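Here the structure is laid out as structure tokens; the discussion comes afterwards.
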Amino acid sequence: MRKRTFLLCIILISLLLPLFGAIPGNLELTVLEEEINQAILDVRDAKASRWPTIELEINGSWMENPPIGPITVSSDELAPAFGLPAPPITNYITVYDGMESTLYDFSLNITQPLFTWGKINASVEAQEAIADAKFQERRNREQELSVEIATRAVTLTELEAITQLLEQQYDLGRELVSLSREAVASGMMLELEQLETELKLQDIELALLESKYSSTEQTLKLHSLTSNRDFSAYTYNEKAIKELLRVPLETLVDESLSPRHASLQALTALKKATQAAEKLAKGSFYGKPDLALVVSAGYSGPRFPFVETDWYGQDDYDFTISVGLKTTLFDGGKIANSIKRAKSQEQTATIELQQARERIAQEVQEQYVFLKTAIQKIDLEQRKQITLQRRIETNEELYHSGYGNQQEVIQAKMNLLSSRIAEHQLKIEAWSAFQTLQYLTRN
């Protein structure tokens, strides 16, 4: 009863997913939905083996010259048989009119399995486990894509902010190059220092090109993942990150290894499928016969049954009930090998499940440490920016009082922009780690 209810839930969810999908327009999820539908049909096929198979065959023929024609007897031959003298005039009596030109053949066969050593039930269990695995695979993939979209959307926002900061830095760099050229012309700066300033400007321009390229790449990837074009709901959430970091690492690891996790459920379902495959192989072992009830009914005659008159008058129908037995006695060891192979596949599925648990636990620990480190670096950059801002204010005061120069002011502003760019880059890394932890610990 529980398996039937679960299968009905899978069917219902698979039907509703295209209507209420969290990721509209994703073709990969659409393909996975079709695989679920195919797996459900496989389950229905396996269950259908419990029911009888009914086959009806109808053949109709028309013969221009039937092989058996009319049969006649002469009065000369017939009279002596009754002890009578031969008549003076010979007459012919038709004994059989011959075959009719039409011939109909009807055959109805009903085959009902009686006992199969549990092979039908094992087949149903295997197909249900595969359907469950497909469903969990689809659910897991949707979670992965949701995380990827959230990560790329925030990455795109941060890259746009980095691009704006680089443009500001590039403008300041051009102004600094202009001042260095004036200083070289007046003899206040070496030409080598001017070339180094121009080289730094080229580095900023290169970083600006890379940032724009990365933004375009993220946009194209997002468009391929979903038909949704509004990503304003995805923002960097520092509060959510710090709340996650307040959870003990051991708790996060335990949550990631919960049996309710989609990826672990998929592997568990595949393990059940291998167990059912072993039952199926054992049910076909040597000397284990399959029993089936076979009911056959047939009719062959010149008249169409239930339509033409006297269709049953010639007694041309038959009805047979029989019990069939079928078993394999020897096949060179194939069945024995299939049992061993099924056991090996079950062991492999068990090992793969254990490996997945170990990988998940390790990934949670790595991402947790990475996220914690990234948040600490962001905090350091923000504190560093306070000092850099004070340096800008100090250089501006010195410049306006005549004790400093404009190049020092510009360089201080560029240093502050570099720190802000580094902060946005750290936010991209932190958000990616946060989303990965959310995916691994969310059931």
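Answer yes or no as to whether Lys413 is within 23 Å of Leu208 (Cα to Cα) and touching a Phe, Trp or Tyr at 6+ places or on another chain (Cβ under 7 Å). No, not satisfied.
Candidates are the residues of the stretch 18-34 that are loosely packed, with under 15 Cβ neighbours inside 10 Å and part of a loop (DSSP other than H, G, I, E, B); the one that is modelled with the lowest pLDDT is Ala22. Any residue at all in the stretch 385-402 that's within 30 Å of Leu264 (Cα to Cα) and among the hydroxyl-bearing types (Ser, Thr, Tyr)? Taking every residue of the stretch 385-402 in turn, none turns out to be within 30 Å of Leu264 (Cα to Cα) and among the hydroxyl-bearing types (Ser, Thr, Tyr). With respect to the conditions (1) closer than 30 Å to Leu267 by Cβ; (2) in contact with a Gly (Cβ under 6 Å, 6 or more places away or on another chain); (3) open to solvent by less than 40 Å² (accessible area, probe 1.4 Å), Ser123 falls short on a single one, namely (2). Quick check, is Gly332 within 30 Å of Ala46 (Cβ to Cβ), part of a loop (DSSP other than H, G, I, E, B) and without any contact (Cβ under 8 Å) to a residue 24 or more places away in the chain? Spelling it out, Gly332 is indeed within 30 Å of Ala46 (Cβ to Cβ), part of a loop (DSSP other than H, G, I, E, B) and without any contact (Cβ under 8 Å) to a residue 24 or more places away in the chain.
Just for the stretch 109-139: of the residues that are among the β-branched types (Val, Ile, Thr) and assigned to a helix (DSSP H, G or I), which one is nearest to Trp51 (Cα to Cα)? Result: Ile120.
Among the residues of the stretch 373-409, which ones are in contact with a helix residue (DSSP H, G or I) (Cβ under 7 Å, 6 or more places away or on another chain), of a type in the set (Gly, Ala, Ser) and at pLDDT below 95? Across the stretch 373-409, the qualifying residue is only Gly404. The residue of the stretch 366-386 that is farthest from the chain's Cα centre (by Cα), among those that are open to solvent by 90 Å² or more (accessible area, probe 1.4 Å) and of a type outside the set (D, E, K, R), is Ile386.
Residue pairs whose Cβ atoms lie under 7 Å apart, sitting 6 or more positions apart in sequence or on different chains, and linking a residue in the stretch 228-239 that is farther than 17 Å from Gly25 by Cβ to a partner that is among the basic types (Lys, Arg), are Tyr236/Lys427.
Checked against (1) farther than 20 Å from Tyr170 by Cβ; (2) open to solvent by less than 70 Å² (accessible area, probe 1.4 Å); (3) out of contact with any Ser or Thr (no Cβ under 6 Å at 6 or more places or on another chain), Ile428 meets all criteria but (3).
The condition (being more than 30 Å from Ile23 (Cα to Cα), in contact with a Leu (Cβ under 9 Å, 6 or more places away or on another chain) and modelled with pLDDT under 90) is satisfied by just one residue among Gly187, Gly173: Gly173. Checked against the criterion of being part of a helix (DSSP H, G or I) and farther than 18 Å from Leu165 by Cβ, the candidates Gln389, Gln411, Gln438, Gln425 yield just one match: Gln438.
Cβ-Cβ contacts under 6 Å between residues 6 or more apart (or on different chains), taken from a first residue in the stretch 127-142 that is surrounded by fewer than 24 Cβ atoms within 10 Å (Cβ to Cβ) to a second residue that is basic (Lys, Arg), are listed as Ala129/Lys272. Scanning for something of a type in the set (Gly, Ala, Ser), touching a residue at least 24 places away in the same chain (Cβ under 8 Å) and touching a Leu at 6+ places or on another chain (Cβ under 9 Å), does the stretch 372-392 turn up at least one residue? Yes, that holds for at least one residue. Beta carbons closer than 6 Å, at least 6 apart along the sequence or on distinct chains, never pair a first residue in the stretch 46-66 that is open to solvent by 100 Å² or more (accessible area, probe 1.4 Å) with a second that is among the aromatic types (Phe, Trp, Tyr).
Residues that are of a type in the set (D, E, K, R), surrounded by fewer than 17 Cβ atoms within 10 Å (Cβ to Cβ) and closer than 18 Å to Phe135 by Cβ within the stretch 227-275 comprise just one, Arg260. Pairs linking a residue in the stretch 282-311 that is in contact (Cβ under 8 Å) with a residue 60 or more places away in the chain to a residue that is in a strand (DSSP E or B) and among the small types (Gly, Ala, Ser), with Cβ atoms under 7 Å and 6 or more positions apart or on different chains, are Ala292/Gly324; Val294/Ser322; Val294/Gly324; Gly298/Ser107.
Tell me, yes or no, whether the stretch 243-258 has at least one residue that is under 19 Å from Ser123 (Cβ atoms) and modelled with pLDDT of 90 or more.
Within the stretch 243-258 (the criterion being under 19 Å from Ser123 (Cβ atoms) and modelled with pLDDT of 90 or more), the answer is no, since none of the residues qualifies.
The values are calculated or read from the model by the stated rules, or taken from the named source; none is laboratory data. Values in this document were obtained by computation on a predicted structure and should not be read as measured data. Cβ sites come from the backbone with ideal geometry, for glycine too, and all protein chains shown count toward neighbours. Only protein heavy atoms, including side chains, enter the accessible area calculation; ligands, DNA and RNA are left aside. Shrake-Rupley method; radii C 1.70, N 1.55, O 1.52, S 1.80 Å.
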